[in-house]
1. May I ask which residue of Ala14, Gln68, Tyr46 lies farthest towards the positive end of the charge dipole of region 1-101, with charges of +1 (Lys, Arg) and -1 (Asp, Glu) on Cβ and the Cα centre as origin?
2. Please tell me the relative contact order of the chain in percent, rounded to the nearest whole number, where contacts are Cα pairs under 8 Å and at least six residues apart.
3. In whole Å, what is the distance between the alpha-carbon centres of region 178-223 and region 311-331?
4. Quick one: order Glu246, Glu271 by neighbouring beta-carbon count within 10 Å, fewest to most.
5. Once you place label points 7 Å from the Cα toward the Cβ at Asn310 and Met113, how far apart are they in nm?
6. How about region 266-336: which trypsin sites (Lys or Arg not before Pro) there lie in a loop by DSSP and see at most 13 other Cβ atoms within 10 Å?
7. Is the C-alpha gyration tensor of region 201-336 telling us rounded, prolate or oblate? Criteria: a/c under 1.5 is rounded; beyond that, a/b larger than b/c is prolate, otherwise oblate.
8. Let me know the charge dipole size of the chain about its Cα centre in debye, to the nearest 20, where only the beta-carbon of Lys, Arg (+1) and Asp, Glu (-1) is charged.
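Rule-based calculations on the coordinates, nothing more; no lab input. Computed from a prediction, not measured in an experiment: that's the story for all the values here. Cβ coordinates were reconstructed from backbone atoms using ideal geometry, including for glycine residues, and neighbour counts include every protein chain displayed.
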Amino acid sequence: MNYEKLMKRAIALADQYKYTAKPNPVVGCIILKDEKIVSEGAHEEYGSNHAEINAIEKAKKLQGKLFQSFQELTMVCTLEPCNHFGKTGPCSEAIISSGIKKIIIGAKDPNPMVSGKGIDNLIKNGVNVRYGICQELVKKQNRTFFFKNINKRPFITVKIASSIDGKSHLLDGLRTYITCEESRADVQNIRALNDAILTGGNTLINDNPKMNARVSFPVNQPKKYLLSSKTNFDFTSEFFKNSDYEIITETNIKKIIDSFKNTEINGILVEAGPKLVNAFLLANLVDEVIIYQSPNTLGKNGVDWFKEDNAIEKFGFKLESSYKIKSDTKNIYSKC
Ligand SMILES: NC(=O)c1ccc[n+]([C@@H]2O[C@H](COP(=O)([O-])OP(=O)(O)OC[C@H]3O[C@@H](n4cnc5c(N)ncnc54)[C@H](OP(=O)(O)O)[C@@H]3O)[C@@H](O)[C@H]2O)c1
């Protein structure tokens, strides 16, 4: 049986729900009778049924038609079934009581508190378990979820728009669109993938940004965080509309990020000006930098992103990908 091929199919199934399952991981599940697919399920929406339950429920409707007993079936699931009561019951118990006797798992749950417990429960109850099939793909698919569970802090992406001469904005503080419309549309997708967007007080006042994900598909909107000591905000401004927000008055970046440890926020997108972006880089709390670079210059009236040349490389980042978006270039730098 080509379990790798089936696992890739389950991964693709899970991927369709990356904007609505978050901050939960995406999970895909397939149930087979010999080589034939009986049912498929995914974790479609945060708080709703897990993938395994959706697949089992669909299979139940086909019992007596495509198969006689659940003992004849094999389950292929991208992530280790949970073993605890969260928003739904434990999936390991649902699998055991369904009668399924064989399961192929992509990756173990990364949370050290629960990792391996679902698998142990299945084995203890006579289910034949194999795991580790395409696990790197599963980890990549749930990058921020794995990162947060392993590192005890969210994965942090900094997104900046830069002129070709390395400027962020104009000295007079007036809002400037540096990049093209297509690049700005691309940013909406990055926002949609993140659990939180974080910015600073000057950006809020100078730009009046909305900072929500304006996309044409269903999405769990990222929560907005404003880092500012100011108290006199105009609460009718765009930032305070459209989704949940929180104002953080703490200025120590490490303490701020530590405070996310016990939250469900796995991925944060920092969209701020040079002061806050450099503070994150200096605190060594950036995991990825995305630079949208326009061919235009801002000249001497522009504010530099960085004090020195090749600052991103000097902070230890390597160019991972580079491609054109109309006249702009999107460069992604990572540390891994
Ligand atoms: N090109 C781009 O991609 C881009 C993106 C965003 C913004 N911008 C531009 O950036 C300009 C503002 O840049 P900025 O860097 O002055 O402002 P910022 O993005 O608002 O960040 C700085 C502010 O963050 C708050 N903050 C809290 N803790 C901090 C810390 N440890 N270190 C630094 N700041 C901390 C402070 O707010 P309080 O002063 O309120 O306490 C501080 O003034 C805007 O005019 C905007 O147009 C450009």
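1. Positive-most Cα among the choices belongs to Gln68.
2. Numbers: 686 pairs, mean separation 53.4, N = 336.
Averaging sequence separation for qualifying contacts and normalising by length gives 16 percent for the chain.
3. Centre-to-centre (Cα) distance: 19 Å.
4. Glu246, Glu271
5. Result: 4.4 nm between the two label points.
6. Listed in order of number, the matching sites are Lys307, Lys326, Lys335.
7. rounded
8. Values: 47 positive and 38 negative charges, 109 e Å.
So the dipole magnitude of the chain works out to roughly 520 debye.
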